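Q: The following block contains the structure, expressed as structure tokens.
The values are calculated or read from the model by the stated rules, or taken from the named source; none is laboratory data. Please read all numbers here as calculations on a predicted model, not as lab measurements. Cβ placement follows ideal geometry from the backbone for every residue including glycine, while neighbour counts extend to all protein chains displayed. Ligands, DNA and RNA are excluded from the accessible area calculation, which covers all protein heavy atoms including side chains. Shrake-Rupley method; radii C 1.70, N 1.55, O 1.52, S 1.80 Å.
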Amino acid sequence: MQLFFPRQKPKANAKDAIVRLRDTLQMLEKRESHLQTKIDTELRNAKSNAATNKRAALMALKRKKQYENQIEKISGARITIEAQVMAIENANVNLETIKAMEKGAEAMKAIHGSMDINKVDDTMDSIREQIDMADEISNAISAPMIGIDLDDDELTAELDELEQEILDSQLLGADAPPVTVPNVPTSEPVKTKTRVTEQDEDEELAELRATMAL
């Protein structure tokens, strides 16, 4: 049965693929470190045999060159794998983002599926009517209530009569203008003071004449 219906390979998982690639990177790094150690060894052999055994020195340099070529290939493979890991990580992030956005779109669709624009308009109209009714009720409650209808003309006439009565009362009860009497001194004037004043004036006059040489 497996010949006619071969078992299908499981689909690659982004997480498993990243783990596998990173394991490969670690293996390549170890391989590169091992080759670098051999390169250092062959370089020391070439230096030690350069003067005494020229053939051995050339063979050491040849092996060193081969190891360096392998390191270059490993470095290229590492760069490729690192780029692949980065691409898978970005693709995985994009996939998760799309899934989240799809879930959000489905949720919005489910919410809007139970809503009708006509029902929304009717509900808003009903709310506005209730608000207007509440305002009217508030205005009716807050309006002052007076039990008797009053006529403004009658009140104005009555106010005029009261003002006329007050004016007449003020005119009839007005006091006569006060008579101002000059203050008359009750005691006799002091004649001594007047005499002293006259004497002072005579002295000042005499001084003035002496000054003018009269």
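Yes/no matrix, rows are residues, columns are (1) in contact with a Lys or Arg (Cβ under 7 Å, 6 or more places away or on another chain); (2) open to solvent by 100 Å² or more (accessible area, probe 1.4 Å); (3) in contact (Cβ under 8 Å) with a residue 40 or more places away in the chain:
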| site | (1), (2), (3) |
| --- | --- |
| Ala17 | no, no, yes |
| Leu21 | no, no, yes |
| Glu42 | yes, no, no |
| Ala57 | no, no, no |
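Q: Just to be sure, is Ile71 open to solvent by 100 Å² or more (accessible area, probe 1.4 Å), within 24 Å of Thr24 (Cα to Cα) and of a type outside the set (D, E, K, R)?
A: no
Q: In the set Ile74, Ile131, which member is in contact with an Asp or Glu (Cβ under 6 Å, 6 or more places away or on another chain) and in a helix (DSSP H, G or I)?
A: On inspection, the qualifying residue turns out to be Ile74.
Q: Restricting to the range 74-89, name every residue that is of a type in the set (Val, Ile, Thr) and either on the phi > 0 side of the Ramachandran plot or open to solvent by 60 Å² or more (accessible area, probe 1.4 Å) (or both).
A: Ile79, Thr80
Let's see how each residue does on (1) farther than 30 Å from Asn13 by Cβ; (2) in contact with a strand residue (DSSP E or B) (Cβ under 8 Å, 6 or more places away or on another chain); (3) at pLDDT 90 or above:
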| position | (1), (2), (3) |
| --- | --- |
| Ala91 | no, no, yes |
| Asn94 | no, no, yes |
| Ile98 | no, no, yes |
| Glu102 | no, no, yes |
| Ala134 | yes, no, yes |
| Asn139 | yes, no, no |
